[in-house]
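Here's the structure, in structure tokens; my notes come after.
The values are calculated or read from the model by the stated rules, or taken from the named source; none is laboratory data. This one's a predicted model, so the numbers in the text were calculated from it and none came from an experiment. Please note: Cβ atoms are built from the backbone with ideal geometry, for glycine as well, and neighbour counts cover all protein chains shown.
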Amino acid sequence: MEDSEHIRALVIGGGPAGLMAAEALTGAGIAPVIADRMPTVGRKLLMAGKSGLNLTKAEPPDDFRAAYGADADPLSAALDAFGPEAAMAWAEGLGQPLFTGSTGRVFPKAMKASPLLRAWLARLTGDGATFRTRWRWTGRDGDVHLFDTPDGPRRIRADATILAFGGASWARLGSDGAWAGAFDGDVAPFAPSNAAIRIDWSEHMRPHFGTPLKGIAFHAGDISSRGEAVISAQGLEGGGVYPLSPALRDGAAMTVDLYPDLDTDTLRTRLAKRRRGDSLANHLRRSLRMDAATRALLMEWGRPLPDDLAPLLKALPVPVAGLAPIDRAISTAGGLRFDALTPDLMLRDSPGTFAAGEMLDWDAPTGGYLLTACLATGRHAGLAAARYLNTR
């Protein structure tokens, strides 16, 4: 059997959680080895940066934690120590000026991730971290981690290991969830989150594919969301519908409020002023400024139209065929269960092995919550690993 390399600290996964865990270790004077299956690290972070890199959301701590729903409790220690203000200070410490949008979402002024990632990797390297890319984790042999590498199979025994494998979406960026099979019953099944919605359109909708729906609100179960969504051949996608994923996974029905800023009575009043000879399309355009895409949506799912149209405009039912496949989702629910971990995110059955990031069983909407929690849990696990090592 090939001899194992023995190191002090190993981080497996070079995404935001793994890199933040490595930063926590270097801050404690421990130089980790960071192994990643891809040719370069931070690929999902760079993908997020294509839409501006929504780093976090500037809002009160209680409101911020509420976005995580039932997952707020197991995440609370990490988020209390590294919430929105800490995330902003961290990015600015990497030389990235930030701005806060009207909705509270925080972005680098550069509106991309590459400058931040370059500065971050330079700092980690300068503090002693080393990177081993194209190293694919294939499992464990007791306390030894196994890798396929460009130079053949390798075995590493580490005094402390932080697992940051990621979830199961966007496999081409490095996280495919294949690691789950090595953890027996400790992994909740993966499911798509922050995903596009699949809808079986009629041919009537084909001319509107690629058209954005603006100024409307989406509802499913107890979740409501406002934001833009684009009509696609597969259904609806965009920030307006992504937050509905948890409710739709549970089988909730979806409705659309076409005029969230107008109440039912106001809509009735405006609709009552129909000119003689006006077609319905002209009447809706003139009285409600309804554009062609919104009108097409109404005709797709509202016919036969009732005489009292106002309630339908406030709650248009849209039959949902399901969510986009996991690999097309922005993130995944499911993962390593918290009851398999200590409060320090150490595996109960594997002392010295910690876990962080999207591989954990938590879910959150877009809007800065995903990235902040990945950074926060990475930091939490990294600090815990440093304490573990310094007491050995």
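What about ALA28, is it surrounded by fewer than 18 Cβ atoms within 10 Å (Cβ to Cβ) and either farther than 26 Å from TYR388 by Cα or among the small types (Gly, Ala, Ser) (or both)? Criteria met by ALA28. In segment 43-79, of all residues being charged (D, E, K, R) and in a helix (DSSP H, G or I), the one that is nearest to PRO246 (Cα to Cα) corresponds to ASP71. Has segment 372-388 got at least one residue that is surrounded by fewer than 21 Cβ atoms within 10 Å (Cβ to Cβ) and charged (D, E, K, R)? Among the residues of segment 372-388, at least one is surrounded by fewer than 21 Cβ atoms within 10 Å (Cβ to Cβ) and charged (D, E, K, R), which makes the answer yes.
Of all residues in segment 154-187, those being under 20 Å from PHE354 (Cβ atoms) and hydroxyl-bearing (Ser, Thr, Tyr) number 2. Considering only residues in segment 53-69 that are more than 19 Å from GLU92 (Cβ to Cβ) and of a type in the set (A, V, I, L, M, F, W, C), the one that is surrounded by the most Cβ atoms within 10 Å (Cβ to Cβ) turns out to be ALA67.
Do we find a residue being surrounded by fewer than 23 Cβ atoms within 10 Å (Cβ to Cβ), of a type in the set (Lys, Arg) and free of Cβ contacts under 8 Å to residues at least 12 places away in the same chain anywhere in segment 328-342? No, segment 328-342 contains no residue that is surrounded by fewer than 23 Cβ atoms within 10 Å (Cβ to Cβ), of a type in the set (Lys, Arg) and free of Cβ contacts under 8 Å to residues at least 12 places away in the same chain.
Taken over segment 307-340, the criterion of being under 27 Å from GLY368 (Cα atoms), touching a strand residue (DSSP E or B) at 6+ places or on another chain (Cβ under 6 Å) and not in a loop (DSSP other than H, G, I, E, B) is satisfied by GLY322, LEU323, ILE326, SER331, THR332, ALA333, GLY334, GLY335, LEU336.
Results for (1) modelled with pLDDT under 95; (2) in contact with a Lys or Arg (Cβ under 9 Å, 6 or more places away or on another chain); (3) closer than 30 Å to TRP135 by Cβ, shown as yes or no for each residue.
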{"site": "ALA24", "(1), (2), (3)": "no, yes, yes"}
{"site": "GLY29", "(1), (2), (3)": "no, no, yes"}
{"site": "VAL33", "(1), (2), (3)": "no, yes, yes"}
{"site": "ASP36", "(1), (2), (3)": "no, yes, yes"}
{"site": "GLY49", "(1), (2), (3)": "yes, yes, yes"}
{"site": "ALA58", "(1), (2), (3)": "no, yes, no"}
{"site": "ASP63", "(1), (2), (3)": "yes, yes, no"}
{"site": "ALA66", "(1), (2), (3)": "yes, no, no"}
{"site": "LEU75", "(1), (2), (3)": "no, yes, yes"}
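If you check GLY215 against the conditions, is it touching a residue at least 24 places away in the same chain (Cβ under 8 Å), over 23 Å from the mean Cα position of the chain (by Cα) and in a loop (DSSP other than H, G, I, E, B)? Against the criterion (touching a residue at least 24 places away in the same chain (Cβ under 8 Å), over 23 Å from the mean Cα position of the chain (by Cα) and in a loop (DSSP other than H, G, I, E, B)), GLY215 qualifies.
Being farther than 30 Å from LEU244 by Cα, touching a strand residue (DSSP E or B) at 6+ places or on another chain (Cβ under 7 Å) and surrounded by fewer than 19 Cβ atoms within 10 Å (Cβ to Cβ) is the requirement here; does THR40 meet it? Taking the combined requirement at face value, the residue satisfies it. Hey, any hits in segment 296-306 for a residue that's touching a Lys or Arg at 6+ places or on another chain (Cβ under 6 Å) and either farther than 17 Å from HIS204 by Cβ or in a loop (DSSP other than H, G, I, E, B) (or both)? No: segment 296-306 contains no residue that is touching a Lys or Arg at 6+ places or on another chain (Cβ under 6 Å) and either farther than 17 Å from HIS204 by Cβ or in a loop (DSSP other than H, G, I, E, B) (or both).
Note on segment 147-165: residues that are in contact (Cβ under 8 Å) with a residue 40 or more places away in the chain and either within 15 Å of TRP135 (Cβ to Cβ) or charged (D, E, K, R) (or both) total 13.
Inspect all residues belonging to segment 228-237 and state whether any of them is touching a helix residue (DSSP H, G or I) at 6+ places or on another chain (Cβ under 6 Å) and not hydroxyl-bearing (Ser, Thr, Tyr). Yes.
Strands (runs of 3 or more DSSP E) fully within segment 130-186 that include at least 1 residues being at positive phi: 136-141, 152-163.
Checking each residue in segment 359-381 for being in a helix (DSSP H, G or I) and either among the hydrophobic types (A, V, I, L, M, F, W, C) or touching a strand residue (DSSP E or B) at 6+ places or on another chain (Cβ under 6 Å) (or both) picks out MET359, LEU370, LEU371, THR372, ALA373, CYS374, LEU375, ALA376, ALA381. When segment 248-287 is limited to residues that are buried (at least 20 other Cβ atoms within 10 Å of the Cβ) and modelled with pLDDT of 95 or more, the one that is farthest from ARG328 (Cα to Cα) turns out to be LEU267.
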